[in-house]
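Student: Take a look at this one; I'll ask things after.
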Amino acid sequence: MVERQLRGRGISSTEILSAFRQVPREVFIRGDLSHLAYGDHPLPIEAGQTISQPYIVALMIEAAELKAGDKVLEVGSGSGYAAAVMSRIAAQVIGVERCEELVNLARERMRRLGYDNVTIIEGDGTLGLTSEAPFDAILVAASGSHVPRSLTDQLAPRGRLVIPLGGPRSAQKLIRVSKGEDGSLQQSDLGGVRFVPLIGEEGWSDAQN
Ligand code: SAH
């Protein structure tokens with residue numbers, strides 16, 4: 001997976017490649033699908049959600065420029081896989097997930113693997129997590145309607161936010177927002193992607209999906 005799907009597609013950071021090598025992906029996949037864990041595609045997980053294709057997780061981590069020492073927020077931690085990979089690079093990872101079943105599963109997986117620098121919190125991540133802000137990096141794993149103001153507010157100076165934008169049935173693009181030392185924001189487009197919808201106060205409403 002690491003050689004063909006990640007390095008083969010241009011992911012060259014040794015920190016990122018090493019983090020993927022350390023995390024057993026089958027732990028984060030439903031038992032009946034575990035033989036597909038290292039495939040080059042997203043997979044269904046519990047609660048009708050999906051675990052992203054490994055390459056997309058790598059691309060987002062690369063875009064977020066994760067570094068040792070970073071405090072990271074992941075909105076939509078789902079299975080916990082991306083949070084687990086990021087925890088092998090960053091100092092602390094906090095995942096926010098709206099679905100209770102996924103929160104419990106991800107917590108249990110972190111406990112089993114001994115990843116004690118990951119915390120999973122149940123809630124609406126479109127509002128960020130004021131009590132833990134600021135964050136050096138924020139990654140959003142579901143596609144929003146716009147860049148939530150709470151998330152850019154909770155970025156530290158020189159912080160990076162990576163978020164897919166676009167409706168559940170329309171084209172989506174991956175957006176990177178970086179905050180300057182002076183608090184100014186710069187946005188760039190990283191190209192087309194496909195994610196499940198970001199549902200919450202600063203996202204899509206449940207009824208639209
Ligand atoms: N990074 C995850 C991807 C899970 S899919 C993984 O590695 O498995 C995206 C997740 O976002 C889903 O679990 C969904 O329940 C969650 N989600 C959607 N809107 C959310 C919101 N406003 N706050 C928190 N989680 C949300």
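Student: Name the residue, out of VAL75, VAL85, VAL23, whose mean-square fluctuation peaks in a Gaussian network model built on the chain with Cα pairs under 10 Å.
Tutor: VAL23
Student: Give the dimensionless ratio obtained when the Cα radius of gyration of segment 2-208 is divided by 2.2 N^0.38 Å.
Tutor: Taking N as the residue count of segment 2-208, the ratio is 0.93.
Student: Shape call for segment 85-171 from the C-alpha gyration tensor, a ≥ b ≥ c root eigenvalues: rounded (a/c under 1.5), prolate (a/b greater than b/c) or oblate?
Tutor: It comes out oblate by the Cα gyration axes.
Student: Now a separate question. Which GluC sites (Glu not before Pro) in segment 163-209 sit in a loop by DSSP (not H, G, I, E or B) and have at most 12 other Cβ atoms within 10 Å of their own Cβ?
Tutor: GLU181, GLU201
Student: Can you give the net charge of the other residues whose Cβ lies under 15 Å from the Cβ of GLY48, counting K and R as +1 and D and E as -1? Mind showing how you got there, number by number?
Tutor: Details: positive: ARG30, ARG98; negative: GLU46, GLU97, GLU100, GLU101, ASP206.
So the surrounding residues net to -3.
Student: In straight Cα distance, which aspartates and glutamates are under 12 Å from LYS67, not counting same-chain residues fewer than 8 positions off?
Tutor: By straight Cα distance, LYS67 reaches GLU15, ASP136.
Student: Starting from segment 1-67, pick out the chymotrypsin sites (Phe, Trp or Tyr not before Pro) whose DSSP state is loop and whose Cβ has at most 15 other Cβ atoms within 10 Å.
Tutor: Those satisfying the criteria are TYR38.
Student: Hey, what did the chain get for relative contact order, percent, Cα under 8 Å, at least 6 apart?
Tutor: Relative contact order, the chain: 16 percent.
Student: Given springs between every Cα pair under 10 Å in a Gaussian network model of the chain, which of GLY167, GLY159, GLY183 has the largest fluctuation?
Tutor: GLY183
Student: Could I ask something else about it? In the chain, what percent of the accessible surface is made up of carbon and sulfur (1.4 Å probe, ligands and nucleic acids excluded)?
Tutor: Reported share for carbon and sulfur atoms: 49 percent.
The values are calculated or read from the model by the stated rules, or taken from the named source; none is laboratory data. Predicted model only: the values in this text are computed from it and were never measured. When we count neighbours, we look across all protein chains shown, and the Cβ atoms used for this are built from the backbone with ideal geometry, even at glycine. Note: areas computed on protein heavy atoms with side chains; ligands, DNA, RNA excluded. Shrake-Rupley method; radii C 1.70, N 1.55, O 1.52, S 1.80 Å.
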